[in-house]
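The values are calculated or read from the model by the stated rules, or taken from the named source; none is laboratory data. Keep in mind it's a predicted model, so treat the numbers as computed, not measured. Cβ placement follows ideal geometry from the backbone for every residue including glycine, while neighbour counts extend to all protein chains displayed.
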């Protein structure tokens, strides 16, 4: 990784922080080095990406990664954060949005999310499943 | 008591093939792109079979096969369909032990559950829908003396079904049985965490099922699930899983204007009223078991009673005894019939549960028992095990708001009826709930006030066919496990017939 950790969140090497969405003034989304590395790989293969944070059963609570625009967000969703993803060489890949349903945001808004990548299979239609890795949401209490 | 040999060992009742292809048009068909992925048993964390990695091309082949079979299968009589469903049930019953061991190996759940619940319920489900379709009648309405509206049930044609990994066979059967009974052909995609046990079952059934009526394509969601769910050649899509994928599937369905049924989980409250402790009798013991039922299937149940609400008058005493009950849960080798709590289904599921144990502690929840990963010895040391855990806290915590899908109970207290209902309903979901009381009026009123599709009163985790199952709120759309599911797999044809000889007199 060319980027150095910018923050230490619960022991995770966060290398990318997202700016808060328009309805929020708390920076509550960050990405670990493992997540960024996987995102770069997926971006090269699939083009611009987005996340929608899932809830419910089975693979609920997983951050689902889609081609940007594949999942249609609307008034029932909240944009939690936008990160500027860059490639290994520092070249800009583009903005990476993370969305969540509004009702779930209300239940989660006292926490910040660290998107990590771990070994696994995943499910749903998230793009990383075939890679043998899985995005995972880790959470931390917000000061606010 | 029995400890079954692992599949692959000589004396195991179940033997998996080393490689599974797709089941399309009654044949085993290699994936078009020639790729396979490993199926890992969570019992040991080791791969045991290769499974075809399906893509859009395989989905199209399956849809070709299904539509080729549709003209004849859609036209079968209810009696003919019932015969097939009953034959499937009989064949499963003859092979119950093998299927149960295979399911345990793929999913990690204790074999005592697959032997006594998953597979027997699946068998009964086929028989239930065999009976239901025979008994189904169309309706007619007499509009006036000479005009009659006839309503006929017709199959939709070909439907898509995406199956979860927590009950790979039972959830598959919950969807297959009504679809077949209603006369549809099916393209089914199992979960990529548990792709093999359904194919193990199909191997046992393949000589019974007419070619193309049931087609199974495995693969990853983005590669095989999306081409199925978004396909203009399916007439309906059924999905069990989580909310983001559920919404995405609805978005695809909206493009094709097809119906969906969705079961997206819950965060089910289990309410224990003070009167339970009036006596330390059999009912008190039953309620304690109800408290501990969050451990069933390692908590990987959409209706896991993962929020316990215990009334303050008996709280200390009841919870102390509840913790003792949980301490007695036997965790270990899923193939041992003594084991009560087995392995979580996958490594990412394990990681997710551990992340929730972490946030629970950060939020100040107090672990009354458990709270950590469980390390087992020997060849189970690579498996995915979590200690049964009880967190005491309050309903605003994340561990009270999201389904952890692990053996983790979030426990809180309440003062009176109104507070119990308020806390119970303070959730995005409404799939299951439990109410425990000796007072029939209290139980009835609580049951009616809780916004959930299934409220168990003085029991929990029973899933008999002929009791409708489905969610309120963000838990989904549709009712499975009941003949009303037939409506979700049928068109209504209305013939509006005039027996009058006379013109309307308009022109």
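Couple of notes before you dig in:
- For segment B:177-202, residues that are without any contact (Cβ under 8 Å) to a residue 40 or more places away in the chain and more than 14 Å from chain A (Cβ to nearest Cβ) total 2.
- Strands (runs of 3 or more DSSP E) contained in segment B:257-317 and holding at least 2 residues under 29 Å from the mean Cα position of the chain (by Cα) and within 14 Å of another protein chain (Cβ to nearest Cβ): B:260-263
- Some residue of segment B:325-345 being without any contact (Cβ under 8 Å) to a residue 12 or more places away in the chain, more than 14 Å from chain A (Cβ to nearest Cβ) and more than 21 Å from residue B:106 (Cβ to Cβ): yes
- Hits in segment A:102-113 (condition: crowded, with 23+ Cβ neighbours inside 10 Å and within 15 Å of residue A:56 (Cα to Cα)): A:104, A:108
- Counted residues, segment B:350-369 - those being touching a helix residue (DSSP H, G or I) at 6+ places or on another chain (Cβ under 9 Å), in contact (Cβ under 8 Å) with a residue 40 or more places away in the chain and crowded, with 17+ Cβ neighbours inside 10 Å: 7
- Verdict on residue A:94 being more than 10 Å from chain B (Cβ to nearest Cβ) and either surrounded by 24 or more Cβ atoms within 10 Å (Cβ to Cβ) or touching a strand residue (DSSP E or B) at 6+ places or on another chain (Cβ under 8 Å) (or both): yes
- Given (1) touching a strand residue (DSSP E or B) at 6+ places or on another chain (Cβ under 9 Å); (2) within 13 Å of chain A (Cβ to nearest Cβ); (3) surrounded by 22 or more Cβ atoms within 10 Å (Cβ to Cβ); (4) touching a residue at least 60 places away in the same chain (Cβ under 8 Å), index of the condition residue B:398 fails: (4)
- Qualifying residue in segment B:365-378 (condition: within 14 Å of chain A (Cβ to nearest Cβ) and under 21 Å from residue B:164 (Cβ atoms)): no
- Residue check, residue B:421 closer than 30 Å to residue B:170 by Cα and either in contact with a strand residue (DSSP E or B) (Cβ under 9 Å, 6 or more places away or on another chain) or assigned to a loop (DSSP other than H, G, I, E, B) (or both): no
- Pick from segment A:114-135, criterion more than 7 Å from every other protein chain (Cβ to nearest Cβ) and touching a helix residue (DSSP H, G or I) at 6+ places or on another chain (Cβ under 9 Å), ranking: surrounded by the fewest Cβ atoms within 10 Å (Cβ to Cβ): A:131
- Residue selection: residue B:177 fails the criterion of being closer than 29 Å to residue A:71 by Cβ, assigned by TED's automatic domain parsing to the domain that holds residue B:64, modelled with pLDDT of 95 or more and not in a loop (DSSP other than H, G, I, E, B).
- Positions within segment B:32-51 being farther than 21 Å from residue B:376 by Cα and more than 13 Å from chain A (Cβ to nearest Cβ), in sequence order: B:32, B:34, B:49, B:50
- Every residue from segment A:11-61 that is away from chain B (no Cβ under 14 Å) and assigned to a loop (DSSP other than H, G, I, E, B): A:18, A:21, A:22, A:23, A:24, A:25, A:26, A:27, A:48
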